[in-house]
Amino acid sequence: MSSFNEREEAFEKKFALEEEHKFQAEALRIKHLGLWAAGKLGKAGDEANAYATSIVVAEVDGGGREAVIRKLAADLAAAGISDLQIRRKLEELSKESGGEA
């Protein structure tokens with residue numbers, strides 16, 4: 001294998017690893033957002049964890065952050081929590097983890 005090919009392969013592996021880390025960090029932020037929302041809904045323990053996991057699944061399967069925000073806004077409307085409050089909480093979690101908002 002040529003030196004160029006080896007460098008290219010190393011770069012591709014590094015890129016894939018960085019993307020995986022970004023995905024994991026975002027999933028963790030969304031899970032924390034789900035746990036926050038679960039608390040607002042009066043859920044605790046296993047029920048809160050299951051709810052938070054469902055929020056992560058909504059992000060992965062349903063169209064990203066906007067799908068999460070729509071789902072949470074619908075779920076939290078009865079608790080008087082607005083779309084803006086959800087976005088602010090997500091921004092706060094992103095800042096805490098050093099990620100992008």
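Recomputing mean projected area of the Cα convex hull in nm² from the coordinates shown identifies the correct label among (i) 6.4; (ii) 7.9; (iii) 6.0 as (ii).
Each Cα pair under 8 Å and six or more residues apart adds its sequence gap; the mean of these over the residue count of the chain is a relative contact order of 24 percent. For a paramagnetic label modelled on Arg87 (point 7 Å from Cα along Cα→Cβ), amide N atoms under 18 Å away belong, within the range 56-78, to 64-77. The calculated FRET efficiency for Glu6 paired with Arg65, based on their beta-carbon distance and R0 = 41 Å, is about 0.65. Adding -39500 (n - 2.57) for every DSSP H run of four residues or longer, then dividing by how many residues the chain holds, sets the calculated 222 nm ellipticity at -28500 deg cm²/dmol.
Taking the longest Cα principal axis of the chain as reference, the axis of helix 83-97 is set at about 40 degrees.
Read the figures in this text as sums done on the coordinates, not as results from a lab. It should be emphasised that the depicted structure is a prediction, and the values quoted were computed from it without experimental measurement. Heads up, the Cβs are rebuilt from the backbone with ideal geometry, glycines too, and the neighbour counts pull from every protein chain shown.
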